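Remarks on the structure that follows.
The values are calculated or read from the model by the stated rules, or taken from the named source; none is laboratory data. It should be emphasised that the depicted structure is a prediction, and the values quoted were computed from it without experimental measurement. With ideal geometry, Cβ positions are generated from the backbone for all residues, glycine too; neighbour counts draw on all protein chains shown. Surface accessibility is based on the protein's heavy atoms, side chains included, excluding ligands, DNA and RNA. Shrake-Rupley method; radii C 1.70, N 1.55, O 1.52, S 1.80 Å.
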Amino acid sequence: MNAAFGLGGTLGSAAIMSCWVARAVYGESNPKWLIFREWLFTLAPKWLLKLYIRFGERFASFIKDKPKIKNIIRHYMDKACLIILKEKKNGIL
């Protein structure tokens, strides 16, 4: 039981802190990073979520001064944001 609780606590902490790339791409003050975060934790493929949690912080640091890369990533994150907003509008989420 303690091991499971510890694992859940670790995963919960990772979930709270793991939107480094979205914040780097959108900026801390833009609420789109929160919309992307919701997509990531509800509809994204599990392999992507695991990859994001494992490498996201380092990748966000890498792209912080690379606007061209951030623009490419933003394009795909915007698509994910549209998906989650559509799901909410349709009452699916």
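Before moving on, here are some points about what is shown:
- Stretchable slack from LYS89 to THR42, in nm (0.36 nm times residue separation minus alpha-carbon distance): 15.4 nm
- Protein accessible area in the stretch 41-93, 1.4 Å probe - carbon and sulfur %: 63 percent
- Prolate/oblate/rounded label for the stretch 21-71 (Cα gyration tensor, a/c 1.5): oblate
- Förster radius 22 Å - calculated FRET efficiency between SER29 and LYS79, Cβ distance, rounded to 0.05: 0.50
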